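Below is one structure, written out as structure tokens; the observations come after it.
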Amino acid sequence: MLTSTGCPYKCTFCAIAGLNHYRERTPASVLAEIKECYYEYGVREIDFFDACFFVNKKRCMEIFHGLKKMDLDLSWTCRSRVDLVDNELLQTARDCGLRMIFWGIESADKDILTRIDKNIVPAQTEAAVGMARKLKIKNLGFLMIGNAGEERNDVVKTINWAKKLELDYAQICRTIPKPGSLLNRQITDETGQDYWRDFILGKEQEKRIFNPQSRLTEEEAEKLLKWAYYSYYFRLRFILRTLVNTRSLGELLRYCRVAIRMLSHYFYTDVRFNKNFSFFRFFPHK
Ligand code: SF4
């Protein structure tokens, strides 16, 4: 469900920042849609797909108070920046069904965060993720590889820091210049080529595109991405924590299926880019 469109922030890599203005639906309209989904269509889980759900605390609190009054058996998830939450907001959200937050974390390096106009610092991420964990809200962190000025050591630092954050899930992506983003405009100016324009005109083939502002080569970025996933998920601590928190046989089987798929992929690709990483050494390296 969408309760707002656009985003008032201006992260350079983000297509939403470049494309439209931030607009919100009223709490009454959001609550009416939830009620209809719940009673007419039997919906019990909602993913609020807003680019950044907690932008307006007052509006969110009105929605949460309305949800509490409706007393529905509902669980929901949302996406947010880490600098928009406090304990009161998260606790109220949890009490009316919030189960997981998808955080835009991106990097552990404050210079990189400034360069990409994320305008957060790692301490804010640590505080937000910690607050959510204490309230038993699950944390998923979005991380990026190949940011402006980023080197191999920055990526290793980010992934090792993400492990200490004890995120329930990490989604790690390569930074690409998306159409409509400031990053794409910068790269078009720097290189004189607008890949997406040429693609639409049929002059370019579909391909994986790269951020030339990074100090990584394309091959390094790709290998680091694979290393990051294996290094993050195949740790004894992570595996044990996930097993302890698993609530049903179905959930356990889902995790096993994903692990088997990752393992089979491992043997066909070179993920041993980082010399400190060994698949059979489950403890996180420093
Ligand atoms: S990355 Fe998130 S906070 Fe930044 S502009 Fe995009 S939606 Fe907004």
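The values are calculated or read from the model by the stated rules, or taken from the named source; none is laboratory data. Remember, predicted model here, so these are calculated numbers, not experimental data. We place every Cβ from the backbone using ideal geometry, glycine too, and count neighbours over all the protein chains shown.
Which of (1) farther than 17 Å from Ala162 by Cβ; (2) touching a Ser or Thr at 6+ places or on another chain (Cβ under 8 Å) is the odd one out, the single condition Asp109 does not satisfy?
(1)
Just one of (1) farther than 30 Å from Thr217 by Cα; (2) out of contact with any Gly (no Cβ under 8 Å at 6 or more places or on another chain); (3) of a type in the set (S, T, N, Q); (4) within 16 Å of the ligand (Cβ to nearest atom) trips up Gln91, so point out which.
(4)
If Met100 meets every condition in (1) buried (at least 20 other Cβ atoms within 10 Å of the Cβ); (2) away from the ligand (no atom under 13 Å from the Cβ); (3) within 16 Å of the chain's Cα centre (by Cα) apart from one, which number is that one?
With respect to (1) buried (at least 20 other Cβ atoms within 10 Å of the Cβ); (2) away from the ligand (no atom under 13 Å from the Cβ); (3) within 16 Å of the chain's Cα centre (by Cα), Met100 is out only on (1).
Taking the criterion of being within 21 Å of Asn245 (Cα to Cα), at pLDDT 95 or above, buried (at least 18 other Cβ atoms within 10 Å of the Cβ) and touching a helix residue (DSSP H, G or I) at 6+ places or on another chain (Cβ under 7 Å), would at least one residue in the stretch 145-153 satisfy it?
So far as the stretch 145-153 goes, no, none of its residues is within 21 Å of Asn245 (Cα to Cα), at pLDDT 95 or above, buried (at least 18 other Cβ atoms within 10 Å of the Cβ) and touching a helix residue (DSSP H, G or I) at 6+ places or on another chain (Cβ under 7 Å).
Only one residue in Arg133, Arg94, Arg152, Arg174 is more than 25 Å from Thr5 (Cα to Cα) and either among the polar types (S, T, N, Q) or without any contact (Cβ under 8 Å) to a residue 60 or more places away in the chain (or both). Which one?
Arg133
In the stretch 108-122, what count of residues is obtained for those that are under 17 Å from the mean Cα position of the chain (by Cα) and either on the phi < 0 side of the Ramachandran plot or without any contact (Cβ under 8 Å) to a residue 24 or more places away in the chain (or both)?
Summing the residues that are under 17 Å from the mean Cα position of the chain (by Cα) and either on the phi < 0 side of the Ramachandran plot or without any contact (Cβ under 8 Å) to a residue 24 or more places away in the chain (or both) in the stretch 108-122 gives 9.
So, Gln171, is that one within 14 Å of the chain's Cα centre (by Cα), closer than 30 Å to Trp76 by Cβ and either within 14 Å of the ligand (Cβ to nearest atom) or outside any helix (DSSP H, G or I) (or both) or not?
Judged against the criteria, Gln171 is a match.
Does at least one position in the stretch 26-49 carry a residue that is among the polar types (S, T, N, Q), more than 23 Å from Val129 (Cβ to Cβ) and within 13 Å of the ligand (Cβ to nearest atom)?
no
Among the residues of the stretch 41-59, are any among the small types (Gly, Ala, Ser) and surrounded by 14 or more Cβ atoms within 10 Å (Cβ to Cβ)?
Looking for residues that are among the small types (Gly, Ala, Ser) and surrounded by 14 or more Cβ atoms within 10 Å (Cβ to Cβ), one finds at least one in the stretch 41-59, hence yes.
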